[in-house]
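Participant: Have a look at the structure that comes next, please.
The values are calculated or read from the model by the stated rules, or taken from the named source; none is laboratory data. Treat the numbers as computed from the prediction; the structure is a model and nothing was measured. Methodologically, a virtual Cβ is constructed for each residue, glycine included, from the backbone with ideal geometry; neighbour enumeration extends over all protein chains shown. To get the accessible areas, we keep the full protein, side chains included, count just its heavy atoms, and leave off ligands, DNA and RNA. Shrake-Rupley method; radii C 1.70, N 1.55, O 1.52, S 1.80 Å.
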Amino acid sequence: MSAGRERRRKAEKIRHLLETEGDAVHENTTVFNEDRYEVTERFDDFEALRDEARAIKEDAIERLPELIEELRESVEANGGHLYLADDAADANRYVTEVAAEEEAETLVKSKSMTSEEIDVNEALEAEGVDVWETDLGEFVLQVADEAPSHLVGPSLHKTREDVAELFNHVFEPEDPFETAEELTEFARDYLGERIRDADVGMTGANFVVADSGTITLVTNEGNARKSAVTPDTHVAVAGVEKIIPSADDLQPFVELISKTATGQDISQYVTMLTPPVDSPTIDFDAPDEPLGSGDGERDFHLVLVDNGRFDMREDEHLKETLYCIRCGACANSCANFQHVGGHAFGGETYTGGIATGWEAGIGGEEAADDFNDLCTGCSRCVNACPVKIDIPWINTVVRDRLNRGHDPDAFDHLVEGLTPDEESAGVDLQKRLFGNFETLAELGSKTAPLSNWVASSRPARALLERVAGIDSRRELPAFERETLVEWFDARGGSRVPQTGAEREAVLYPDVYTNHVLTERGKAAVRVLEALDVHVRIPSAPSSGRAPFSQGMVATAEAKARGVSDRLGPYVDDGYDVVVVEPSDIAMFEREYEKLLPGDEHESLAEHSYEIAEYVYGLLENGGDAAALRDGTGVAVDYHSHCQQRTQGLEGYTVSVLDAAGFDVTTSDVECCGMAGSFGYKQEYYELSMDVGEDLREQFTDDDALLAASGTSCVEQLGDLLPRDVTHPVQLLAPR
Amino acid sequence: MSTDTVRRFESSLDALDVGCTRTDPAGFPDALDAVLDPPAVGVPLGIDGVSLDGTPVETPPTPRLLREAETGVTPAGKAIAEYGTLVVDADATGCEPVSLYPPTHVAVVRERDVLPDVEAATDHLGARFAAGESSVFATGVSSTGDMGALVEGVHGPKHVHVIVVEEEP
């Protein structure tokens, strides 16, 4: 399929999902997300337990072979069986054999993503076993014959009306179902009968304790309890990564999982079974005999599934995926996911940001190809993850690998010279263009305003859309003829002499501030100088954010190298580094950890400040807010940048605007939807605008000034609202 | 356990809409009677001075009772004040199914078994797991949002009531 057709196909699929499932997904995921914020904010131990949980997982995965053997001994000592399955087929063969031995006609299941991964239902049904999903969400999907759209709420793309219509059509009740209560009551009774009749109960496992053979199931409905304890035979299917060493290690996970998953303090039922369990057998065919009086005996099989996980364990970058406890917080905190759901943002089995790790690990990188680009690297999932997985990094690594695997693009010759990157041939042209934005910007400034006229001309836009998938509905950034660096040199450098200055700072001329939004750079200089800072603006390479976001890691690494070489000597001389573009300060602080030697990253990160953070520090240390513009009585709508918020930098801008007297209203959406180049891409334009709608709805006072820190947020807000958008520092700069 | 812990437990239960009665052993039959929706099924409570004998609660549980009882009465080995959690210790008497099948669950817990938080339950759980035993943290009533709105009472109980039995003086 040509790249253009592929983009149109993607756009069409996303458009369809936005229309059919978007509203329900949005409603449900944003409630989970808001509740997560609320519950974790009032939970003092959250950060400490995240560290603890992370350490437990790191240790457990490190010692996995040994823990599996310990677990085997525990399970067998309890009288159960442990089977380590190499892959899905192996696991299914074992499960169907158990079912055959039990002469099982029916099997009831509680929700398990691992069982979805191996398609065990199909395998059992092929052997004539009736399989019933007892989690109501899974039951809805079983009836509808659909795939889960979310790790925790598999059917959250369906509204009550959708389920009522489905059940009325399939079950034809005398009185059609209408309310959620009626639907729940019906499903409970229908499944209750199947649970009573079942020969085998199958569950997954959230955690498996090696030293006792205890499996933990976290649910709200109680179906896992019933499925595990009602039939005599219990089969649990779990990925090998679910093992933790001992009961002591369970507490952090029990505390964390419900909070990050659904925003509950704790789920209704945390079931910790050491099977075969002591609970008496229940024979509904002998209704008046005391429980346990029949000759039934409890039997337990734990099926541990490898299916690519041992290879992931050896993969430096995918390994982290194995720490995942499948809470879905990365999906709920993701603006794109909130709008389009797991049927777009997901693969064969798994959904949301972490799905890239799981799908690539289980099915190879290609399995993540179709949805990996929906991760924009906004990083909002980073602080949400209970085990601190760097989910954006996993997405970037897989994108990089996919880039390398693609066939060289037929149009590559068109942009030769514009794409002087470090990548091998084959990177998608669209990615390559965005990844080399710095080169475009340099050329654009040199030839402005001609470059802007040409780029915005209709034929050029049509060509860009057709060849590179740059949506013609978006305005392209306009390049300034005079760069910030040139302007600063022309004015004769800093107006605050170095001798006697309060501080000395390098203002990093990020590619946007240097070539496009130069006014915010000039404002930053004026603000810094008003607070007695001696400023320098040396020319410097771009941060590498653009290629990084396209999965062009080698190119990003070369940029990081260049930035470190250029700014390092200033840092050594005692200069602070001040950064206007939030995606670049985030790059220095976060992503450079992956791209630079440890000491270089640490030194740059330690001495770099986002502009408002720096101004805040100056004011805290005796700087005079009166030197800034007086904002008394002026209303400002301020949208902080996603990566800025992840770095904990939003508050500084708000504080500084407050100090200057402005009346600030902030947004609380996870991302503006533009996310760098994402919103420019033809296949994602509509999703990007749909995400932006949440932001638009938050700022309803058309008389308020509009401010945003990120370049792409400025562009997105410009498309969403009929107001001019500035960087906050422009509001603060003395006239 | 300190009175503070029990108070915290009560307030957590209150937030969950779970009723709580505090009683001494002598007051237990009346306390139970007040919250019992018959027919009821139960398992031995194993708490000194407190028994289901002479109450309308039927023992031992049978499959028919599991299906037809309105109320299931069980002990809770421990409780966790922070979240209003009941630690249902599954055993051969049928504590687990009796706490799960009937629409109302009445849990009886000794005051001194009310622990402050999850961490404080670690030793209890560790000992049980090591002995091959199982436990359930049950918090509030069974619920689902899968049918498009929050509904209480799914595969587990729709109502839960806790009776805290105070220590003998």
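Participant: How many of the residues in segment A:193-249 are under 24 Å from A:ILE68 (Cβ atoms) and in contact with a strand residue (DSSP E or B) (Cβ under 7 Å, 6 or more places away or on another chain)? Lay out the reasoning, then the answer.
Facilitator: Within segment A:193-249, the subset under 24 Å from A:ILE68 (Cβ atoms) is A:200-218, A:224, A:228, A:233-249.
Narrowing the set further to residues that are in contact with a strand residue (DSSP E or B) (Cβ under 7 Å, 6 or more places away or on another chain) leaves A:200-210, A:214-218, A:224, A:228, A:233-240, A:242-244, A:246-247.
Residues in segment A:193-249 being under 24 Å from A:ILE68 (Cβ atoms) and in contact with a strand residue (DSSP E or B) (Cβ under 7 Å, 6 or more places away or on another chain): 31 in total.
Participant: Could you tell me which of the residues A:ALA331, A:ALA367, A:ALA360, A:ALA355 is under 30 Å from A:ARG5 (Cα atoms) and open to solvent by 10 Å² or more (accessible area, probe 1.4 Å)?
Facilitator: On the way: A:ALA331 fails: open to solvent by 10 Å² or more (accessible area, probe 1.4 Å); A:ALA360 fails: open to solvent by 10 Å² or more (accessible area, probe 1.4 Å); A:ALA355 fails: open to solvent by 10 Å² or more (accessible area, probe 1.4 Å).
Result of the check over A:ALA331, A:ALA367, A:ALA360, A:ALA355: A:ALA367.
Participant: Go through segment A:113-128 and report how many residues are of a type in the set (S, T, N, Q) and under 20 Å from A:ARG196 (Cα atoms). If you could, list the steps in order and put the result at the bottom.
Facilitator: At the first step, the residues of segment A:113-128 found to be of a type in the set (S, T, N, Q) are A:114-115, A:121.
Remaining after also requiring under 20 Å from A:ARG196 (Cα atoms): A:121.
Result for segment A:113-128: 1.
Participant: Which of (1) among the acidic types (Asp, Glu); (2) more than 9 Å from chain B (Cβ to nearest Cβ); (3) without any contact (Cβ under 8 Å) to a residue 24 or more places away in the chain does A:GLU241 not meet, given it meets every other one?
Facilitator: Of everything listed in (1) among the acidic types (Asp, Glu); (2) more than 9 Å from chain B (Cβ to nearest Cβ); (3) without any contact (Cβ under 8 Å) to a residue 24 or more places away in the chain, A:GLU241 misses just condition (3).
So that you can scan it fast, the table gives a plain yes or no per residue for (1) more than 8 Å from every other protein chain (Cβ to nearest Cβ); (2) in a helix (DSSP H, G or I); (3) not β-branched (Val, Ile, Thr):
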site: A:LEU166; (1), (2), (3): yes, yes, yes
site: A:ALA187; (1), (2), (3): no, yes, yes
site: A:GLU221; (1), (2), (3): no, no, yes
site: A:ARG225; (1), (2), (3): no, yes, yes
site: A:ALA228; (1), (2), (3): yes, yes, yes
site: A:PRO231; (1), (2), (3): yes, no, yes
site: A:VAL237; (1), (2), (3): yes, no, no
site: A:PHE253; (1), (2), (3): yes, yes, yes
site: A:VAL270; (1), (2), (3): no, no, no
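Participant: So, one more: Taking A:GLN698 as meeting all but one of (1) without any contact (Cβ under 8 Å) to a residue 24 or more places away in the chain; (2) under 19 Å from A:GLN338 (Cα atoms), write down the number of the exception.
Facilitator: (1)
Participant: Could you tell me which numbered condition A:ASP407 fails, if it satisfies all but one of (1) in a loop (DSSP other than H, G, I, E, B); (2) in contact with an Asp or Glu (Cβ under 9 Å, 6 or more places away or on another chain); (3) modelled with pLDDT under 95?
Facilitator: Here A:ASP407 meets the rest and fails (2).
Participant: Further, regarding this structure: Identify all residues within segment A:59-90 that are part of a helix (DSSP H, G or I), within 22 Å of A:ASP299 (Cα to Cα) and either touching a Phe, Trp or Tyr at 6+ places or on another chain (Cβ under 6 Å) or away from chain B (no Cβ under 14 Å) (or both); write none if there are none.
Facilitator: Kept after step one, since they are part of a helix (DSSP H, G or I), are these residues of segment A:59-90: A:59-62, A:64-77, A:88-90.
Going one step further and asking which of them are within 22 Å of A:ASP299 (Cα to Cα), we end up with A:68-77, A:90.
A:ILE68, A:GLU69, A:ARG72, A:ASP90, listed by residue number.
Participant: Here is a follow-up. Collect the residues in segment B:152-169 that are more than 7 Å from every other protein chain (Cβ to nearest Cβ), surrounded by 24 or more Cβ atoms within 10 Å (Cβ to Cβ) and part of a loop (DSSP other than H, G, I, E, B), keeping them in residue-number order.
Facilitator: B:PRO157
Participant: I would also like to ask the following. It is to be established whether one or more residues within segment A:316-327 are in contact with a Gly (Cβ under 6 Å, 6 or more places away or on another chain) and not assigned by TED's automatic domain parsing to the domain that holds A:ASP51. Talk me through it step by step, then tell me what you get.
Facilitator: Narrowing segment A:316-327 to residues in contact with a Gly (Cβ under 6 Å, 6 or more places away or on another chain): A:318, A:321.
Add one more test, that the residue is not assigned by TED's automatic domain parsing to the domain that holds A:ASP51, and what stays is A:318, A:321.
Yes, that holds for at least one residue.
Participant: Please give the helices (runs of 4 or more DSSP H) falling wholly within segment A:482-546 in which 3 or more residues are among the basic types (Lys, Arg) and surrounded by fewer than 21 Cβ atoms within 10 Å (Cβ to Cβ). Even if it seems obvious, please write down each step before you answer.
Facilitator: Working: elements: A:484-490, A:511-515, A:518-530.
It comes to none.
Participant: Looking at the structure I just gave you, is A:ALA99 modelled with pLDDT of 95 or more, buried (at least 17 other Cβ atoms within 10 Å of the Cβ), in a helix (DSSP H, G or I) and at the interface with chain B (Cβ under 9 Å from one of its Cβ atoms)?
Facilitator: no
Participant: Residue by residue through segment A:208-218, note down the ones that are more than 9 Å from chain B (Cβ to nearest Cβ) and of a type in the set (S, T, N, Q).
Facilitator: Scanning segment A:208-218 gives a single hit, A:THR216.
Participant: While we're looking at this one, here's another question. Hey, could you check segment A:102-126 for residues that are in a helix (DSSP H, G or I) and hydroxyl-bearing (Ser, Thr, Tyr) and say which is surrounded by the fewest Cβ atoms within 10 Å (Cβ to Cβ)? Before the answer, list the steps.
Facilitator: Taking segment A:102-126 as the starting set, the residues that turn out to be in a helix (DSSP H, G or I) are A:113-118, A:120-126.
Checking the rest, the ones that are also hydroxyl-bearing (Ser, Thr, Tyr) come to A:114-115.
On the way: A:THR114: 24, A:SER115: 30.
Only one residue fits best here, namely A:THR114.
Participant: Would you pick out the residues in segment A:472-508 that are more than 19 Å from A:GLY444 (Cα to Cα) and not assigned by TED's automatic domain parsing to the domain that holds A:CYS713?
Facilitator: Residue satisfying the conditions is A:ARG473 alone.
Participant: One residue is enough: does segment A:19-35 have a residue meeting the conditions closer than 18 Å to A:THR262 by Cα, open to solvent by 50 Å² or more (accessible area, probe 1.4 Å) and not in a helix (DSSP H, G or I)?
Facilitator: no
Participant: Next question. Which condition from (1) within 30 Å of A:ALA554 (Cβ to Cβ); (2) touching a residue at least 40 places away in the same chain (Cβ under 8 Å); (3) open to solvent by less than 40 Å² (accessible area, probe 1.4 Å) is the one that A:HIS601 breaks?
Facilitator: (2)
Participant: Taking A:ARG93 as meeting all but one of (1) farther than 15 Å from A:VAL235 by Cβ; (2) assigned to a helix (DSSP H, G or I); (3) out of contact with any strand residue (DSSP E or B) (no Cβ under 6 Å at 6 or more places or on another chain); (4) not aromatic (Phe, Trp, Tyr), write down the number of the exception.
Facilitator: (1)
Participant: How many residues, within segment B:112-137, are touching a helix residue (DSSP H, G or I) at 6+ places or on another chain (Cβ under 6 Å) and either of a type outside the set (A, V, I, L, M, F, W, C) or open to solvent by less than 10 Å² (accessible area, probe 1.4 Å) (or both)? Full working, then the answer.
Facilitator: Initial filter on segment B:112-137 (touching a helix residue (DSSP H, G or I) at 6+ places or on another chain (Cβ under 6 Å)): B:114-116, B:118-119, B:122, B:125-126, B:129, B:135.
If we keep only those that are either of a type outside the set (A, V, I, L, M, F, W, C) or open to solvent by less than 10 Å² (accessible area, probe 1.4 Å) (or both) as well, we get B:114, B:116, B:118-119, B:122, B:126, B:129, B:135.
Within segment B:112-137, residues that are touching a helix residue (DSSP H, G or I) at 6+ places or on another chain (Cβ under 6 Å) and either of a type outside the set (A, V, I, L, M, F, W, C) or open to solvent by less than 10 Å² (accessible area, probe 1.4 Å) (or both) number 8.
Participant: Among what's in segment A:618-660 and is assigned to a loop (DSSP other than H, G, I, E, B) and β-branched (Val, Ile, Thr), pick the residue that is surrounded by the fewest Cβ atoms within 10 Å (Cβ to Cβ).
Facilitator: Initially, segment A:618-660 is screened for residues assigned to a loop (DSSP other than H, G, I, E, B), giving A:621-624, A:628-634, A:640-641, A:647-649, A:660.
Those still in the list that are β-branched (Val, Ile, Thr) too: A:632, A:634.
Numbers: A:THR632: 9, A:VAL634: 16.
My answer is A:THR632.
Participant: Of the residues that make up segment B:18-38, is at least one within 14 Å of another protein chain (Cβ to nearest Cβ) and either surrounded by 22 or more Cβ atoms within 10 Å (Cβ to Cβ) or more than 11 Å from the chain's Cα centre (by Cα) (or both)?
Facilitator: Step one: filter segment B:18-38 for residues within 14 Å of another protein chain (Cβ to nearest Cβ), giving B:18.
Right, trim to either surrounded by 22 or more Cβ atoms within 10 Å (Cβ to Cβ) or more than 11 Å from the chain's Cα centre (by Cα) (or both) and you get none.
Looking for residues that are within 14 Å of another protein chain (Cβ to nearest Cβ) and either surrounded by 22 or more Cβ atoms within 10 Å (Cβ to Cβ) or more than 11 Å from the chain's Cα centre (by Cα) (or both), one finds none in segment B:18-38, hence no.
Participant: Determine whether A:SER549 is open to solvent by 10 Å² or more (accessible area, probe 1.4 Å) and either out of contact with any His (no Cβ under 6 Å at 6 or more places or on another chain) or not assigned by TED's automatic domain parsing to the domain that holds A:ILE389 (or both). First the steps, then the outcome.
Facilitator: Details: open to solvent by 10 Å² or more (accessible area, probe 1.4 Å): yes; either out of contact with any His (no Cβ under 6 Å at 6 or more places or on another chain) or not assigned by TED's automatic domain parsing to the domain that holds A:ILE389 (or both): yes.
Yes; evaluated as a whole, the condition is true for this residue.
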